[in-house]
1. Would you say GLU74 is more than 17 Å from the chain's Cα centre (by Cα), of a type in the set (Asp, Glu) and surrounded by 10 or more Cβ atoms within 10 Å (Cβ to Cβ)?
2. Filter the stretch 1-26 for residues that are at pLDDT below 95, assigned to a strand (DSSP E or B) and of a type in the set (D, E, K, R) and give the result.
3. Please work out which residue is nearest to CYS18 (Cα to Cα), limiting yourself to the stretch 50-60 and to residues that are without any contact (Cβ under 8 Å) to a residue 12 or more places away in the chain and surrounded by 10 or more Cβ atoms within 10 Å (Cβ to Cβ).
4. So, in the stretch 7-49, how many residues would count as being closer than 19 Å to VAL64 by Cα, surrounded by 11 or more Cβ atoms within 10 Å (Cβ to Cβ) and either touching a residue at least 60 places away in the same chain (Cβ under 8 Å) or in contact with an Asp or Glu (Cβ under 9 Å, 6 or more places away or on another chain) (or both)?
5. Do you know which residues across the stretch 27-54 are part of a strand (DSSP E or B) and touching a Lys or Arg at 6+ places or on another chain (Cβ under 8 Å)?
6. For the stretch 59-73, does any single residue satisfy the condition of being modelled with pLDDT of 95 or more, touching a Cys at 6+ places or on another chain (Cβ under 9 Å) and not in a loop (DSSP other than H, G, I, E, B)?
Amino acid sequence: MEPMIKVQVPKREWLLRCYSDREDVLSVEVHDGAIEVFLPTGNDSVRLERGQIAAFREALDEAVARAEDDLRAEART
């Protein structure tokens, strides 16, 4: 049976758990071929542990691919 709920547009935001003063979330976003990393409010840095490092790497790899797609599309126009 084909799923009724499908993602129609490519993912452009990833929310990842991290450690700061408190357990928090950081955001990786892609806009017009650029990647932005937003740290939790009020933090200069975050700590990523083993599982979080793997999730961050996966999200960043996906974000890079999406940014490259944006840049290729822009070059064609």
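1. When the stated conditions are applied, GLU74 passes them.
2. Selection gives ARG17, GLU23, ASP24.
3. Residues of the stretch 50-60 that are without any contact (Cβ under 8 Å) to a residue 12 or more places away in the chain, as a first pass: 50-51, 53-54, 57-58.
Filter once more, so that each one left must be surrounded by 10 or more Cβ atoms within 10 Å (Cβ to Cβ): 53-54, 57-58.
Working: ILE53: 9, ALA54: 12, ARG57: 13, GLU58: 14 Å.
My answer is ILE53.
4. Here the count works out to 17.
5. Residues satisfying the conditions are GLU29, VAL30, HIS31.
6. Within the stretch 59-73 (the criterion being modelled with pLDDT of 95 or more, touching a Cys at 6+ places or on another chain (Cβ under 9 Å) and not in a loop (DSSP other than H, G, I, E, B)), the answer is no, since none of the residues qualifies.
The values are calculated or read from the model by the stated rules, or taken from the named source; none is laboratory data. Worth saying up front: this structure is predicted, and the values here are computed from it rather than measured. All Cβ positions, glycine included, derive from the backbone under ideal geometry; neighbour counts span all protein chains shown.
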